[in-house]
Amino acid sequence: MDIPRTWRLRDQRYLLQGNQCEECGELYFPKVFICHKCRCRSLKDYQFSGRGTVYSYSTVYQAAPNFDAFVPYIVALIDLKEGPRVTAQLSDISPGEVEIGMPVEMVVRKISEDGERGVINYGYKFRPPIPLEE
Amino acid sequence: MKMNMKPSRPIGIVGYGAYVPRYRVAAAEISRVWRQGQDTGALPVKQKSLPGADEDTITMSIEAGKNALMRADIDPALIRSVWAGSESHPYAVKPTSTVVAQALSIAPYTTAADFEFACKAGTEAMQAALGFVGSSMADYSLAIAMDTAQGRPGDALEYTAAAGGAAFIIGPAANSVAILEGSISYATDTPDFFRRSYQKYPEHGNRFTGEPAYFLHISNAVRTLLEDLELKPSDFAMAVFHQPNTKFPQKVAKQLGFTPEQIKEGLLSPFIGNTYAGASPLGFSAALDAAKPGDRLLLASFGSGAGSDALSFVVTDRIEEVRFAAPTTRSYIDREVLVDYATYARWRNKIKHH
Amino acid sequence: MRQVAIIGLGQTPVREHWEKGIRELAANAVLDALEDAGLHRVEALYVGNMLSGLLAGQENLGALIAETAGMAGIEAIKVEAACGSAAASFRQALLAVASGAVDSAVAVGVEKLTEMSGTATTAGLATAADSDYEASMGLSFVAINALLMQRYMYEFGYSKADFAPFAVNAHDNAKYNINAMFRYSVSMEQYTNAKVICDPINLLDSSPIADGAAAVVVVPLEHVGRYPGQAVLIEACEIGTDTISLDNRENPLQLKGVQRSAQKALKTSGKSHKDINIFEAHDAFSIMSALSLEASGFVEFGHGLKWAAKMNIGPGGDLPMSTFGGLKGRGHPVGATGLYQIVEGATQIRGTAPSEIQVPDARCAMMQNIGGSGANVTTTILGKL
């Protein structure tokens, strides 16, 4: 039961909240505690748009117990529009449909469940964007 | 005595958003498994929507809420309530609404609560939000109607129990897309359908769910609303009724004097089934997607147990600005991916694997 | 700092050791190494291990293994660097002796991965990754390597079959290693038809989960004459790190931890790539062989597979790799692996490897042990005295 972690990381997981160096403007996800570019320790929260492209992907068939109910699922590295790269699952897509470079958008989904009695972990996943009409 | 409930200031819907998962299971597929196709000619819907393995009422509420925020175009921190109506809250104890409030940057200065009233938990949350904003206790209030309904395998309701819903941000009339004219709530103790604590699937009274429940409550709520507002069916551009199947909303519309044309836009059950608390609000979001400024819209829900909320709105010019600011109801309904019964049974936890 | 040499080698076969616990495996390897060196006791013991706490419910391995090996009372600690734990413990032993703090030390790597169910082991191995941002998003350790392989194939246009030489060579060599887990050859065809476990990674790209322990005894070079064990010189043993998660690396295909550790080791030893006769890469997955060859500077970035395709990685080739089967053929008892590599490299330099896999005139061997997806890398260079 890692309840404190679920709680501690909720804004990062629900909102894709990273941070930005107040000195040089560098953006980070996940949050850093010192700017890796200029070593400034003053950083402010920054919410990413959730838009990005697939850098790489694979499919998980054998997972840790908390993820058992979801296999097979697709994992990926996503290049966010703003720069940082994020590790996440893809959703609403079948393995055959994924391609490197395809655009994706962030959604909040169930990531894992701590058994039948424990906490449900929600967080960012990415899916092919639902286009807006004009 | 007027039954009509009106706010003490002009208010309305400032933002709305839909969500329907992309998966569908065909009613004929369910029939194949449980009845070898015996009733294929008389299925209540064509297919029903199905949440993916990683979706539940919380995740779906977050997306519908995001869409509502995109259309409302307000600072989420101005919202003073997150009220989520559903019969499928992921936790028995722990609000759906706090997760949604956190994920939409509405937390922490907000009330948050979950509503339950079978299929009208969503409009119940809307009524509460209308009262909250209408009384000036809050400027903005978020009401969500969302479900991932479950039918007992092989039961008649398994054909229709579906997933989806909508979210509405209630606020001042000045920036509304649809202004409230008035509403009626009508409720009696009628046990037509229920689920006891700790039971996974609901029980229902078969044909008892019709006349004394669905038809009686909706008819009384809508008739009273029309009388109080001195309106007649032809004054409405569109009407949306709770839609547990394809037939009921068509029949109640006809009884009340609404034409098939008036209910067409908001009648989604043939394509996605009965999304329970989400059903009539989702139909209403589809109606808003298609509405023109000046259109009058009727929303009439039904919840077992039993009751009906009937609400009348008039659409404003602002609809044209926000209609496409978020994905339309149709864009969710159109992205359908059919799955077989085995996949559906696995995702909906009808097969135990540990 | 004093120069240090290895004078004793010990290892258990890499197997599913159902009948042996972690203490017995470790004690066997330590006692074999002491016997090989001709010593009864050392002053310090460094235990490389990754998962004893999670899978066996046992930490405090230093005291446990010292006691089990009959040396209760000596300085003894566990060193952890995920799959790179063993070589990291070897560096601690080296530093202890080189500094003059002690005159003899043992480094033992031990792991028991078969103690729990497959999913528990999968979860355990994933602790090598970033727990908040990789493992808790559902990434298994295999998946992380699959992300690298997928991208590598995409960027350089390689096909699946191009990776075959690593597995084929590893299995060919493992056949002659009595301690190896898989003592049989695999064909090119078997490789390309193997079951996909995490696309594009298939079963024959992956090293097997296994149990085992390997140990070495180290003493100052100036003392080697006092002991009967055949000495091998430690030319260098250097650690380089990188970000723990792939997503924080500018180019995940360039293993900076490998590069840093290899460059440091070459500098410390004064050797160049041409001097290296043997390269024992951390071939937990085929993609790691390719990326390690490149990041270590043996071949240009993106050329690892073209180079391997020429099949110059066999025992008689330009740069023999996985000479005892590597992680792929010998097996990968994660926290023990680095010391298996060092024991094998030392055996090659001694010239006592089975004739089929003995590298002719082996004078200088490089062993690379990686913890995580390139996050913590120890490169060791051994030389002939």
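Quick notes on this one:
- Hey, residue B:96 farther than 27 Å from residue B:6 by Cβ and of a type in the set (Val, Ile, Thr) or not: yes
- Per-region count, region B:172-184, residues more than 19 Å from the chain's Cα centre (by Cα) and in a strand (DSSP E or B): 2
- Restricting the search to helices (runs of 4 or more DSSP H) fully inside region C:31-135 and requiring at least 1 residues that are buried (at least 22 other Cβ atoms within 10 Å of the Cβ) and within 14 Å of another protein chain (Cβ to nearest Cβ) gives C:118-125.
- Looking across region A:1-32, just one residue is at pLDDT below 95, of a type in the set (A, V, I, L, M) and in a helix (DSSP H, G or I), and that is A:3.
- Evaluated against (1) out of contact with any helix residue (DSSP H, G or I) (no Cβ under 9 Å at 6 or more places or on another chain); (2) assigned to a strand (DSSP E or B), residue B:166 falls short on exactly one condition, (1).
- Qualifying position, being on the phi > 0 side of the Ramachandran plot, surrounded by fewer than 24 Cβ atoms within 10 Å (Cβ to Cβ) and not hydroxyl-bearing (Ser, Thr, Tyr), among C:316, C:325, C:331, C:302: C:302
- The residues of region B:298-354 that are more than 25 Å from residue B:180 (Cβ to Cβ), part of a loop (DSSP other than H, G, I, E, B), within 11 Å of chain A (Cβ to nearest Cβ) and polar (S, T, N, Q) amount to a single one, B:349.
- In summary, residue B:50 fulfils each of the numbered conditions (1) buried (at least 24 other Cβ atoms within 10 Å of the Cβ); (2) under 30 Å from residue B:180 (Cβ atoms); (3) not charged (D, E, K, R) with the single exception of condition (2).
- The condition (being in contact with a helix residue (DSSP H, G or I) (Cβ under 6 Å, 6 or more places away or on another chain) and either in a strand (DSSP E or B) or more than 14 Å from chain A (Cβ to nearest Cβ) (or both)) is satisfied by just one residue among C:225, C:240: C:240.
- Helices (runs of 4 or more DSSP H) (entirely within region C:254-356) containing at least 3 residues that are out of contact with any helix residue (DSSP H, G or I) (no Cβ under 7 Å at 6 or more places or on another chain): C:256-269, C:337-350
- With respect to the conditions (1) buried (at least 23 other Cβ atoms within 10 Å of the Cβ); (2) within 11 Å of chain C (Cβ to nearest Cβ); (3) in a strand (DSSP E or B), residue A:67 lacks only one, and its number is (3).
- Residue tally, condition facing chain B (nearest Cβ under 9 Å) and within 11 Å of the chain's Cα centre (by Cα), over region A:93-121: 4
- Scope region A:95-134; condition in contact (Cβ under 8 Å) with a residue 60 or more places away in the chain and buried (at least 17 other Cβ atoms within 10 Å of the Cβ); matching residues: A:106, A:108, A:111, A:119, A:121, A:122, A:123, A:124, A:126
- Here B:23, B:109, B:91, B:19 are screened, and the one residue that is modelled with pLDDT of 95 or more, assigned by TED's automatic domain parsing to the domain that holds residue B:124 and over 30 Å from residue A:66 (Cβ atoms) is B:109.
- Residue count, region C:373-385 (criterion: crowded, with 24+ Cβ neighbours inside 10 Å and either touching a Cys at 6+ places or on another chain (Cβ under 7 Å) or hydrophobic (A, V, I, L, M, F, W, C) (or both)): 6
- The residue that is farthest from the chain's Cα centre (by Cα), counting only those in region C:240-267 that are surrounded by fewer than 18 Cβ atoms within 10 Å (Cβ to Cβ) and free of Cβ contacts under 8 Å to residues at least 60 places away in the same chain, is C:250.
- Residue tally, condition away from chain B (no Cβ under 14 Å) and hydrophobic (A, V, I, L, M, F, W, C), over region A:2-53: 11
- Of the residues contained in region B:159-181, one or more are found to be more than 12 Å from residue B:12 (Cβ to Cβ) and out of contact with any Leu (no Cβ under 8 Å at 6 or more places or on another chain).
- Qualifying residue in region B:173-189 (condition: over 29 Å from residue B:257 (Cα atoms), in contact (Cβ under 8 Å) with a residue 40 or more places away in the chain and polar (S, T, N, Q)): yes
- Here residue B:277 meets each of (1) within 14 Å of chain A (Cβ to nearest Cβ); (2) under 21 Å from residue B:55 (Cα atoms); (3) assigned to a helix (DSSP H, G or I) with one exception, condition (1).
- Exactly one residue out of B:52, B:12, B:17 is within 14 Å of another protein chain (Cβ to nearest Cβ) and in a strand (DSSP E or B): that is B:17.
The values are calculated or read from the model by the stated rules, or taken from the named source; none is laboratory data. Computed from a predicted structure; not experimentally measured. Note that each Cβ is placed from the backbone with ideal geometry, even for glycine, and that neighbours are counted across all protein chains shown.
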